[in-house]
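Every read-out reported here was derived from the displayed coordinates using simple, explicitly stated rules and does not represent laboratory data. Fair warning: this is a prediction, and the values are worked out from it, not measured in the lab. Here the Cβ positions follow ideal geometry from the backbone for every residue, glycine too, while neighbour counts run over all protein chains shown.
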Amino acid sequence: MDPDTSPKITYFIKQGAFDKFSIDPVSGELYTTQGLDYERETKHILIIGTEENESGNMGATTTVIVNVQDVNDVPPVSLLTLLALIIFRRPEKHQKFY
């Protein structure tokens, strides 16, 4: 049987942030392995390679650029929330305090 009649493509990260991304070797789907931080790096450049039929011969490559969006990852603390914690509710007229 000719191995080229039913090609099996294996995907791998050839170059890039190996610690931040992984790739499914069968489907080629790319995943993050940890959170990405816009303040540290705004984009990541990965070179994805292929190998056909586990031959050891490198196939095609492509460049994938992952742009990291700047989202608010630290929710703001409202001044009103802080004031509500400090200031007690004003007593109503004729309210007893124990």
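Note down the magnitude of the dipole of the range 3-71 about its Cα centre, charges +1 on Lys and Arg C-beta and -1 on Asp and Glu C-beta and zero elsewhere, to the nearest 20 debye.
100 debye
When the gyration tensor of the range 3-71 is built from Cα positions, what are the square roots of 5 times its three eigenvalues, in whole Å, from largest to smallest?
Each semi-axis is the square root of five times an eigenvalue, giving 28, 10, 9 Å.
Sort 42-53, 21-32 for me by packing, meaning the mean count of neighbouring Cβ atoms within 10 Å per residue, highest on top.
42-53, 21-32
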